[in-house]
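**Student:** Sharing a structure, written as structure tokens. Questions coming.
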Amino acid sequence: MKLKTFLYGLFLALPLFLASCGDDDLKNANSVSAGKVTLTRDRTIGVEIIYSDSARVKAKGYAPILDKITPSNGGAYQEMIKGVKIDFYNPQGTIDGNLVCDYAIRKDTELKTEFRKNVVVKNSKGDTFSSQELIWDESKKIFYSTQTVDILSVNGDFTRAKDFKAPQDFSTYEMGPGTGEINSKGTL
């Protein structure tokens, strides 16, 4: 009796299964797969990067993980998912500043590197710049950001503003309207 009930149920369900399978599903699968982009990812662990100009070392960087990603449609980039630490060197070859962050991405065709998440830069004067994003434009040799940037100078002055721009050595900088505190050591 149980076998007869099972076969009867199978006989009724079979047309439903066959009706749910159609050519449209296969056509949709092909159109979805035609639009996909293939990525090639090469991972390197413990990378030291040296940036030089005219045979003089200007910066050395260290990234725990460097992924070089090449999409099938072009536009290769390098991603440092565990952040980066960079030491900047003066003409005498000594360290006079540094940059640390929790994430970075370098876009090869644009010659730009985006430093993100807890970005902190110290310049040769000892001033500290911090933001959630700084972008280095290699061709213009500047750092900039549209995000909020905090600056703590060696003398204790504090500035917070957006629309930040500075040369590579952070010797000077420009900012949009912002707020700040001046540390006054005497009478005005």
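The values are calculated or read from the model by the stated rules, or taken from the named source; none is laboratory data. Note that the structure is a prediction, hence the values are computed from the model and not measured. We place every Cβ from the backbone using ideal geometry, glycine too, and count neighbours over all the protein chains shown.
**Student:** Of all residues in the stretch 99-114, which are crowded, with 21+ Cβ neighbours inside 10 Å and closer than 20 Å to residue 160 by Cβ?
**Tutor:** Within the stretch 99-114, 99, 101 meet the criteria.
**Student:** Separate question: Being within 22 Å of residue 177 (Cα to Cα), assigned to a strand (DSSP E or B) and of a type in the set (Gly, Ala, Ser) is true for just one of 130, 52. Which residue is that?
**Tutor:** Only one candidate passes the filter, namely 130.
**Student:** For residues that are over 19 Å from residue 58 (Cβ atoms) and among the small types (Gly, Ala, Ser), scanning just the stretch 158-178, find the one that is nearest to the chain's Cα centre (by Cα).
**Tutor:** That would be 161.
**Student:** Here is a follow-up. Among (1) surrounded by 13 or more Cβ atoms within 10 Å (Cβ to Cβ); (2) within 30 Å of residue 153 (Cβ to Cβ); (3) of a type in the set (Lys, Arg), where does residue 117 come up short?
**Tutor:** With (1) surrounded by 13 or more Cβ atoms within 10 Å (Cβ to Cβ); (2) within 30 Å of residue 153 (Cβ to Cβ); (3) of a type in the set (Lys, Arg) applied to residue 117, the lone miss is (1).
**Student:** Just a yes or no: is a residue in the stretch 122-130 crowded, with 16+ Cβ neighbours inside 10 Å, closer than 24 Å to residue 79 by Cβ and out of contact with any Pro (no Cβ under 7 Å at 6 or more places or on another chain)?
**Tutor:** yes
**Student:** What residue, of 114, 133, 110, is free of Cβ contacts under 8 Å to residues at least 24 places away in the same chain, in contact with a strand residue (DSSP E or B) (Cβ under 7 Å, 6 or more places away or on another chain) and closer than 18 Å to residue 68 by Cβ?
**Tutor:** Step by step, each of 114, 133, 110 is checked, and only 114 is free of Cβ contacts under 8 Å to residues at least 24 places away in the same chain, in contact with a strand residue (DSSP E or B) (Cβ under 7 Å, 6 or more places away or on another chain) and closer than 18 Å to residue 68 by Cβ.
**Student:** Still on this structure: Which of the residues that make up the stretch 87-101 are hydroxyl-bearing (Ser, Thr, Tyr) and under 24 Å from the mean Cα position of the chain (by Cα)?
**Tutor:** 89
**Student:** Any residue at all in the stretch 132-155 that's within 14 Å of the chain's Cα centre (by Cα) and basic (Lys, Arg)?
**Tutor:** no
**Student:** Test residue 106 against the criterion of being within 17 Å of residue 48 (Cβ to Cβ) and within 9 Å of the chain's Cα centre (by Cα), and give yes or no.
**Tutor:** yes
**Student:** Let me ask something additional. Is it the case, given these coordinates, that residue 106 is farther than 22 Å from residue 135 by Cα, at pLDDT 85 or above and basic (Lys, Arg)?
**Tutor:** So residue 106 does not fit the description; no.
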